[in-house]
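Before any comments, here is the structure.
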Amino acid sequence: MPDTVKDIKKRAEALRKALHKHNYQYYVLDDPEISDAEYDRMMQELIRLEADHPEIASPDSPSVRVGGAPLDKFETAEHSVPMLSLDNGFDDSDILGFDKRIRKNLSFSSRSGEGTRADDEILYTAEPKMDGVAVEIVYEEGRMLMASTRGDGIRGENITSNVKTIGSVPLVLTLEKGKIPRRLEVRGEVFISLEGFRKLNERRVSMNLSPFANPRNAAAGSLRQLDPGVTAKRPLEIFLYGVGLTDLDSESHSGTLEALKQLGLRINPLIRPGITIHEALDYYRELTGKRHDLPYDIDGMVIKVDSLEFQHQLGATSKSPRWAIAYKFKAIEETTRIMNIEVQVGRTGALTPVARLDPVNVGGVTVSRATLHNEDEIRRKDIRIGDTVMIRRAGDVIPEVVKVVTSGRTGEEEIFNMPANCPVCDTPACRDKDEAVTRCNNTNCPAQVKASIRHFASKGAFDIDGLGDKLIDQLVDKGMLSSYADIFHLDKTGLEGLERMGPKSAENLVNAVEKSRDMTFPRFLYALGIRHVGENVANLIADKFKTAEEVFSAGTEELEAIDGVGPEIAKSVRRFFELDENRETVKRILDSGVRIIYSETGKKDGYLEGKVFVLTGTLENMTRNQAKGMIEAAGGKITGSVSRNTDYLVAGKSPGSKADKARKLEIEIIDETTFTELLK
């Protein structure tokens, strides 16, 4: 064993280098050079050295895989490039239709070049679709900086400490030849193998704990443990499948994957690059045949246009990239009985029939309800209360009734009719001739009001801490809220009279409302709850117009001209602002002191342009989301971890380890007061 500090440090560095190398050999090359026992001995020696000499500790040491200190909560992490969901295909015609749209959008018949063959075939890359949990991992200068969940695609949760415990995630990138990219945002799927899942459940049962329902749920729960030590004991693995923002040099998706592998990142060996659409269909059938022999769960195959130039030209809708599609395996089906049919009222007034089922296990998940979509669907399938039905569940999609088992009928089944009136407010329901949906058009319907207030106060919108579902129900039922504009008129005295609402809770809620008054333009638009306008569409619209008034008066053609905004979305936005009651509600919000912050990003007068901020601790006068919005509106950028590229660390109450790292790197640390002055 080494004696001097210099020798100890040298030995620790040698152990780290060797352990990183053996991780690469084991997880990426599948060619281990030492036994598990020898690996464990080296790891234990490193842990002892770092414990006895804290001054030699390193954030990218393999020892962090055993788990660090528990967290109080997860911080929010924003994705530089949205992590969009994929469109789904369920048969060959869907996939051939996808290929046809690609050709049409690229005007392919008259072009050639990268990504084509002599016979004018577009080349694709086909990948097994892992049934796991999507994550993003950020590397700077080859060292792991941060990891986050997909979340809503725009922002997720910072799970860096947990992802560091996964053995197949390199903490340091390696490259024998070439240059490691300065920044690399890589995306992948975390999963638990079938054998790992079996052993995990055996261990839980032996400890008198309930077993997990399926590997995906176990992986998701493991990643969201506040104690990384718990995550470290779970058999998590990862396959990487793509990138976000990066200066990695590649002309094709398959080339990007090969570059990731060269950097020491784990890529699924079953990926099939450079194939035609018909070869992709053949490969889908090959995967279908071998899926049950694989050591992990897959639920389909992802097909991506291989050329990155073509991907860029094709772009994306507000929800999905146009250059990729998931070809899903046939859904899992089970038989059960419809106990009742209930009608739910949504935020937009849509009346949706939902089947209450005799609970049944479908693919490891207990299902007790299934969507019936609308009245036409019920009539088409002749679904009745009491029927024995076949239900289908595909991935995370809400289960649906596939068909009725008519041979199981007894004659006691009841025919279902959509209610003539709204089941909540008793207003006559109506159905437009060009829609399949029956609606309650009473905008004062308590169900719609409650749902719209929940949306308005949600994390992606005004982010009002403490305004939860039960409190909203009370406030609406007692007449204290009739629309989300009323939120800004709540007072402490009125709140104190509510159930489970004491003086302190009332004061906290009033303060939270006050903190929410500064709102960025995209989040303001999203909060209004306009049909079809999610966070991504709200960002697209906010980037196009300078003020809220411009959006209020924009015509459908002007809205449709925005890339990613189609005719349906444009019509919905126009219809929303044409209604006097909506314009009056927006006016009441603004008159109550809400201030919209307009983005200066990309403009020369963005006074924080290029500045990088990190937030830590609790802010007194604003939420974290508001602080992020104000920074971005002024041209600045938010990251989740302190690095040499950080310009300011904004430290609220009880700052964590980020403050220590900032001091070590000599990053400027400012308090909330200084931060507020800087924003002004």
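The numbers here are math on the coordinates, done by the rules we state, and not lab data. Since we're looking at a predicted model, the values are computed, not measured. With ideal geometry, Cβ positions are generated from the backbone for all residues, glycine too; neighbour counts draw on all protein chains shown.
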- [ ] Give the distance, in whole Å, between the Cα centre of region 401-415 and the Cα centre of region 40-85.
- [x] 56
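For region 612-679, just say rounded, prolate or oblate: build the C-alpha gyration tensor, square-root its eigenvalues into a ≥ b ≥ c, call rounded for a/c under 1.5, and beyond that prolate if a/b exceeds b/c, oblate if not.
Details: a/c = 1.74, a/b = 1.26, b/c = 1.38.
Here region 612-679 falls in the oblate category.
Suppose R0 equals 25 Å. What FRET efficiency, 1/(1 + (r/R0)^6) with r the Cβ-Cβ distance, do Val5 and Gln44 give to the nearest 0.05? Mind dumping the intermediate values first?
Working: r = 20 Å, r/R0 = 0.82.
Rounded to the nearest 0.05, the efficiency is 0.75.
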Task: Neighbour-count order for His79, His312, His455, His278, fewest beta carbons within 10 angstrom listed first - done: His312, His278, His455, His79
Open item on the list: Using the Cα centre of region 124-328 as origin and beta-carbon charges of +1 (Lys, Arg) and -1 (Asp, Glu), tell me which of Val138, Val163, Met207 is placed farthest towards the positive end of the dipole.
Closed with: Met207
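With n ≥ 4 as the cut-off for DSSP H runs, can you work out [θ] at 222 nm for the chain, using -39500 (n - 2.57) per run divided by the number of residues, rounded to the nearest 500?
Rounded to the nearest 500, it is -10000 deg cm²/dmol.
Mind putting a number on the dipole of region 329-409 about its Cα centre? Charges go on the C-beta only, +1 for Lys and Arg and -1 for Asp and Glu, and I need it in Debye to the nearest 20. Mind dumping the intermediate values first?
On the way: 13 positive and 11 negative charges, 18 e Å.
Its charge dipole is roughly 80 debye.
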Open item on the list: Can you classify region 332-415 as rounded, prolate or oblate using the Cα gyration tensor, where a ≥ b ≥ c are the square roots of its eigenvalues, rounded means a/c under 1.5, and otherwise it's prolate if a/b beats b/c and oblate if not?
Closed with: oblate
Task: Lys, Arg +1 and Asp, Glu -1 on Cβ, resulting dipole of region 124-328 about Cα centre, debye, nearest 20 - done: 600
- [ ] Name the residue farthest towards the positive end of the dipole of region 124-328 from the options Thr125, Ala259, His292, assuming +1 on Cβ of Lys and Arg, -1 on Cβ of Asp and Glu, about the Cα centre.
- [x] His292
TODO: With a 4.7 Å Cβ cut-off, tell me which Cys residues in the chain come up empty for a partner.
DONE: Cys430
- [ ] Pull up the cross-link candidates among the aspartates and glutamates for Lys304, meaning alpha carbon to alpha carbon under 16 Å and not fewer than 8 places away within one chain.
- [x] Asp87, Asp92, Asp94, Asp99, Glu114, Glu121, Glu127, Glu251, Glu258, Glu279, Asp282
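To the nearest 20 Debye, how big is the dipole of region 5-66 about its Cα centre, given +1 on the beta carbon of each Lys and Arg and -1 on that of each Asp and Glu?
Values: 10 positive and 13 negative charges, 61 e Å.
I would put it at about 300 debye.
Neighbouring Cβ atoms within 10 Å as the yardstick, rank Glu121, Glu136 fewest first. Mind showing how you got there, number by number?
Values: Glu121 16, Glu136 26.
Final ranking by Cβ density, sparse to dense: Glu121, Glu136.
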Open item on the list: Taking R0 as 35 Å, what FRET efficiency do you get between Glu568 and Asn361 from their Cβ-Cβ distance, rounded to the nearest 0.05?
Closed with: 0.40
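Can you put Asp52, Asp376 in order, fewest other beta carbons within 10 Å first? Before the final figure, lay out the partial values.
Numbers: Asp52 9, Asp376 12.
With the fewest neighbours first, Asp52, Asp376 line up as Asp52, Asp376.
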TODO: Could you run the Karplus curve 6.51 cos²θ - 1.76 cosθ + 1.60 with θ = phi - 60° over region 415-421 and give me ³J(HN,Hα) per residue in whole Hz, x for Gly and Pro?
DONE: 6, 9, 10, 4, x, 6, 10
Task: Built amide H within the under 5 Å cut-off of Gly300, gap 5+ - done: Lys129, Phe329
Open item on the list: Greater than 21 Å separation of Cα atoms is the criterion. Which listed pairs, Lys515/Lys546; Lys6/Lys164; Lys319/Lys571, meet it?
Closed with: Lys515/Lys546; Lys6/Lys164
TODO: Mind jotting down the distance between the C-alpha centroids of region 317-374 and region 173-200, whole Å?
DONE: 32
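Can you give me the orientation-averaged projected area of the convex hull built on the Cα atoms of region 224-298, in nm²? Walk me through the numbers before you get to the answer.
Numbers: hull surface 29.8 nm².
Computing the convex hull of the Cα atoms and averaging its projections yields 7.4 nm².
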TODO: For Asp152 and Glu609, calculate 0.36 nm times their separation in residues minus their Cα-Cα distance, and state this gained length in nm to one decimal.
DONE: 161.9 nm
Task: Label of the coordinate-derived value, Cα extents along the principal axes in Å, listed as [x] 83, 65, 65; [y] 82, 61, 45; [z] 98, 79, 40 - done: [x]
Task: Contact order relative to length of the chain, as percent, for alpha carbon pairs under 8 angstrom and 6 or more apart - done: 10
TODO: Return the Rg/Rh value of region 124-328, two decimal places, where both radii are evaluated on C-alpha atoms and Rh is the Kirkwood radius.
DONE: 0.97
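Packing-wise, with mean Cβ within 10 Å as the measure, how do 320-328, 557-565 rank, highest first? Present the calculation step by step, with values, prior to reporting the outcome.
Details: 320-328: 21.4, 557-565: 15.9.
Descending mean neighbour count gives 320-328, 557-565.
How large, in Å, is region 5-66 by the Kirkwood hydrodynamic radius built from its alpha-carbon pairs?
Details: mean 1/r = 0.0837 Å⁻¹.
Averaging 1/r across every pair of different Cα atoms and inverting gives 11.9 Å.
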TODO: Just report the Cα centroid separation between region 425-502 and region 613-658, whole Å.
DONE: 32
Task: Sequence ranges 491-497, 515-521, ranked by mean other-Cβ count within 10 angstrom, highest first - done: 515-521, 491-497
